[in-house]
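A.B. asks: Below is one structure. I have some questions about it.
The values are calculated or read from the model by the stated rules, or taken from the named source; none is laboratory data. None of these values were measured; they are calculated from a predicted model. Please note: Cβ atoms are built from the backbone with ideal geometry, for glycine as well, and neighbour counts cover all protein chains shown. For accessibility, only protein heavy atoms count, side chains too; no ligands or nucleic acids. Shrake-Rupley method; radii C 1.70, N 1.55, O 1.52, S 1.80 Å.
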Amino acid sequence: MYKTIKDLDLHNKKVIIRCDFNVPIQNGIIMDDNRIVQSLKTIHYAISKNAKVILMSHLGRVKTEDDLKKNSLKVVAKRLEELLNIPVVFVNHTHGKELEEKIERLQPKEVLLMENTRFEDLEGKKESSNDEQLGKYWASLGDVFVNDAFGTIHRGHASNVGISSHLESAIGFLVEKELEELGKLNHPKRDFVVLLGGSKVSDKIGVIKNLVEKCDKILIGGGMSYTFLKAKGYEIGKSLLDSENIDFCKNILSKYEKKIYLPVDTILTDKIDEEGIVKNVFIQNIDHELTGVDIGLETVKKYSEIIKNAGMILWNGPLGVYEIDQFSQGTRKLLEAVTNSKAISILGGGDIVAAALKFGYKDKVTHASTGGGATLAYLEGVALPGLKYIAEKE
Ligand code: AMP
């Protein structure tokens, strides 16, 4: 168990909280404020303990001067003010006198938001490459540090690992909840069923390797399934192929033949848009001119049966091109099966959470993670850099 914000003395302290305010913004409007909302519990707690609250976050990528305008956190500060119902001091700098003075003037229970940490990437990628001086400088602005940005916990950036290497540090409530929920996978209820989809095999190799021994069944769908089918010698037409990983698929299939399930039928189309044809065929009959875009109805039935007997389900990556209605059936029907089952259900962030939100299932699962890449890293069993300098509790 890591130290949490509750283990820190916050009274009158300058508390730096690294949040994940990386929200989608279009034409200056926040399209989904879920990440801001999820951060409130930790911020409220710090305020209640008379902390002087300094918030930091990244927003998008910053490579050009243009990105500075596009990726300012100013709109986030406004939304935060509405949600917290108190003024938020926004500083449109990431270093310098104005920032330092405004922090010095901060009173207990007041909240300040610094500009996008990745503004420091414009010259020399200082934030993303964890520049030693930058981490030290940001740490000098506070007394204690709280990492509550699960979405970037798998990254070693100046605004997480950099700061925490110089200050007494803890995790916030959001990170604590993520680790607690994902931690359940280490003591799985049987059957432990893993659903894997999404576009690339390469992204999931580490997860498959780490989970194949721990779980009872892996059900494969999505773009990645066609590389597995190719490895078994099937014609896959114009479907996605990760040719570099055919051998990996062959090896893992031969070793775990009984554990890894592949689609028995698939939806084919001639073009991946609303006008494309929809053809359900068994995998022996894939047309070489067409593209596989979803699992077929037989596979939906087969996978749903397996889900019924699951005690725990982990799902990463959609089973088809769920963004287009007629190719979303597999993902939708399996979400229905998962949420109808009595199993503990965990969605591993990214697109499968977006799909669950879109089809109305997000609140029906046990846990929908806020971090796609971070969850994958956790599931691969690798050390998470954002936690490196956060002490474990005795
Ligand atoms: P990932 O980021 O690897 O989880 O992949 C998510 C993306 O995979 C989504 O945008 C889906 O549209 C896409 N996807 C799922 N199934 C397929 C498929 N059969 N062909 C192409 N893309 C797919």
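A.B. asks: Have a look at GLY172, GLY151 and point out the one that is within 17 Å of the chain's Cα centre (by Cα), under 30 Å from TYR226 (Cα atoms), among the small types (Gly, Ala, Ser) and assigned by TED's automatic domain parsing to the domain that holds THR117.
C.D. replies: GLY151 is the lone residue from the list that is within 17 Å of the chain's Cα centre (by Cα), under 30 Å from TYR226 (Cα atoms), among the small types (Gly, Ala, Ser) and assigned by TED's automatic domain parsing to the domain that holds THR117.
A.B. asks: Separate question: Among the numbered criteria (1) open to solvent by 20 Å² or more (accessible area, probe 1.4 Å); (2) touching a residue at least 12 places away in the same chain (Cβ under 8 Å), which one does GLY311 miss?
C.D. replies: Result: GLY311 fails condition (1) only.
A.B. asks: Let me ask something else. For the range 316-390, give me every one of the helices (runs of 4 or more DSSP H) that falls completely inside it and has 1 or more residues that are away from the ligand (no atom under 12 Å from the Cβ), farther than 30 Å from ILE277 by Cβ and open to solvent by 20 Å² or more (accessible area, probe 1.4 Å).
C.D. replies: 329-340, 372-380
A.B. asks: I've got another one for you. Taking the options VAL146, VAL201, name whichever one is touching a residue at least 24 places away in the same chain (Cβ under 8 Å) and in contact with a Cys (Cβ under 8 Å, 6 or more places away or on another chain).
C.D. replies: Of VAL146, VAL201, the one residue that is touching a residue at least 24 places away in the same chain (Cβ under 8 Å) and in contact with a Cys (Cβ under 8 Å, 6 or more places away or on another chain) is VAL201.
A.B. asks: All but one of (1) crowded, with 21+ Cβ neighbours inside 10 Å; (2) assigned to a loop (DSSP other than H, G, I, E, B) hold for ILE277; state the number of the condition that does not hold.
C.D. replies: Against the list (1) crowded, with 21+ Cβ neighbours inside 10 Å; (2) assigned to a loop (DSSP other than H, G, I, E, B), ILE277 comes up short only on (1).
A.B. asks: On to the next question. Across the range 280-301, which residue is nearest to the ligand (Cβ to nearest atom) among those that are in a helix (DSSP H, G or I) and either within 28 Å of the chain's Cα centre (by Cα) or surrounded by 24 or more Cβ atoms within 10 Å (Cβ to Cβ) (or both)?
C.D. replies: Step by step, filter the range 280-301, then rank; the result is THR299.
A.B. asks: Only one of (1) at pLDDT 95 or above; (2) within 26 Å of the chain's Cα centre (by Cα) fails for ILE236. Which number is that?
C.D. replies: Of (1) at pLDDT 95 or above; (2) within 26 Å of the chain's Cα centre (by Cα), only one is false for ILE236: (2).
A.B. asks: Moving on. Any idea which residue in the range 228-251 is nearest to the ligand (Cβ to nearest atom), counting only those that are part of a loop (DSSP other than H, G, I, E, B) and of a type in the set (A, V, I, L, M, F, W, C)?
C.D. replies: The selected residue is LEU240.
A.B. asks: For the range 140-227, give me every one of the strands (runs of 3 or more DSSP E) that falls completely inside it and has 1 or more residues that are open to solvent by 30 Å² or more (accessible area, probe 1.4 Å) and more than 17 Å from ILE352 (Cβ to Cβ).
C.D. replies: Filter on the range 140-227 gives 168-171, 217-220.
A.B. asks: Among the helices (runs of 4 or more DSSP H) confined wholly to the range 1-104, which include 2 or more residues that are small (Gly, Ala, Ser) and not assigned by TED's automatic domain parsing to the domain that holds ALA354?
C.D. replies: Output list reads 34-48.
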